[in-house]
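This report refers to the structure that appears directly beneath it.
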Amino acid sequence: MTMVELLVSISIMGILGVAANYLIIATLHTDHMLLDADRQVSDMELTERRMLHNLRTGSNLTLNGSTGFSLTSQSDPSNNGQTYTITYTYNAGTKTLTEASTQYGNPAPINVIAYNVTAFSVTQVTATPLVVLVDMTISGSTTAPPTRRTFQVYNRNS
């Protein structure tokens, strides 16, 4: 084996090594982006389900501007028909959506139900029957596009 052959084989191996490195980095970047997008969708679905249930079955809805609302829950049959006040509040500074319910104590403890919320608004569409429009966007930590949901909720108790 000559010196030229050895240098050519080392050069080819170097090029292949660099190409393999770029493939691995691209794969890890794609995996990170997909995991972030999946987290966004999971957070959105969990938050949406919690709000939908309470908006559909609650009463005495009060909008707190366009960034929050309060309502009274349906009566709890396992607690002598007790009702609870539930409040949802969006904080643009911390990009969080919180839920506070007197079911868990008084004063109601504040629980963050969604992080990285970049936009949230709630508006009343009609009064009778009560229809509310909720618009929410959750962003991730990568270049994954933000997840946005807009949904109308019909209140059963109005």
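Of the residues T128, T143, the single one that is loosely packed, with under 13 Cβ neighbours inside 10 Å, closer than 30 Å to H29 by Cβ, modelled with pLDDT under 90 and among the β-branched types (V, I, T) is T143.
The condition of being within 26 Å of M136 (Cβ to Cβ), free of Cβ contacts under 8 Å to residues at least 12 places away in the same chain, polar (S, T, N, Q) and in a helix (DSSP H, G or I) holds for only one of S42, S11, that being S42. Among residues of the range 92-111 that are closer than 20 Å to I138 by Cβ and touching a residue at least 40 places away in the same chain (Cβ under 8 Å), those with a beta-carbon under 8 Å from a residue that is of a type in the set (D, E, K, R) and outside any strand (DSSP E or B) at least six positions away or on a different chain give the pairs E99/R50. In the range 121-144, the qualifying residues are those that are touching an Asp or Glu at 6+ places or on another chain (Cβ under 7 Å) and part of a strand (DSSP E or B), and the one that is farthest from N54 (Cα to Cα) is I138.
So for the range 101-116 (the condition being polar (S, T, N, Q), under 25 Å from Q40 (Cα atoms) and in contact with an Asp or Glu (Cβ under 9 Å, 6 or more places away or on another chain)), does at least one residue qualify? Taking every residue of the range 101-116 in turn, at least one turns out to be polar (S, T, N, Q), under 25 Å from Q40 (Cα atoms) and in contact with an Asp or Glu (Cβ under 9 Å, 6 or more places away or on another chain). Looking across the range 66-87 at every residue that is free of Cβ contacts under 8 Å to residues at least 24 places away in the same chain and under 15 Å from T98 (Cβ atoms), the one that is nearest to the chain's Cα centre (by Cα) is identified as T87. Of the residues making up the range 146-158, those that are of a type in the set (S, T, Y) and either outside any loop (DSSP other than H, G, I, E, B) or crowded, with 16+ Cβ neighbours inside 10 Å (or both) are T147, T150, Y154. Scanning the range 42-49 turns up at least one residue that is surrounded by fewer than 17 Cβ atoms within 10 Å (Cβ to Cβ), out of contact with any Gly (no Cβ under 6 Å at 6 or more places or on another chain) and among the basic types (K, R). Out of the range 97-111, which residues are exposed (fewer than 13 other Cβ atoms within 10 Å of the Cβ) and under 11 Å from the mean Cα position of the chain (by Cα)? Of everything in the range 97-111, nothing turns out to be exposed (fewer than 13 other Cβ atoms within 10 Å of the Cβ) and under 11 Å from the mean Cα position of the chain (by Cα).
The values are calculated or read from the model by the stated rules, or taken from the named source; none is laboratory data. Being a predicted model, the structure only gives us computed values, none of them experimental. In this analysis, Cβ positions are derived from the backbone assuming ideal geometry, glycine residues included, and neighbour counts consider all displayed protein chains.
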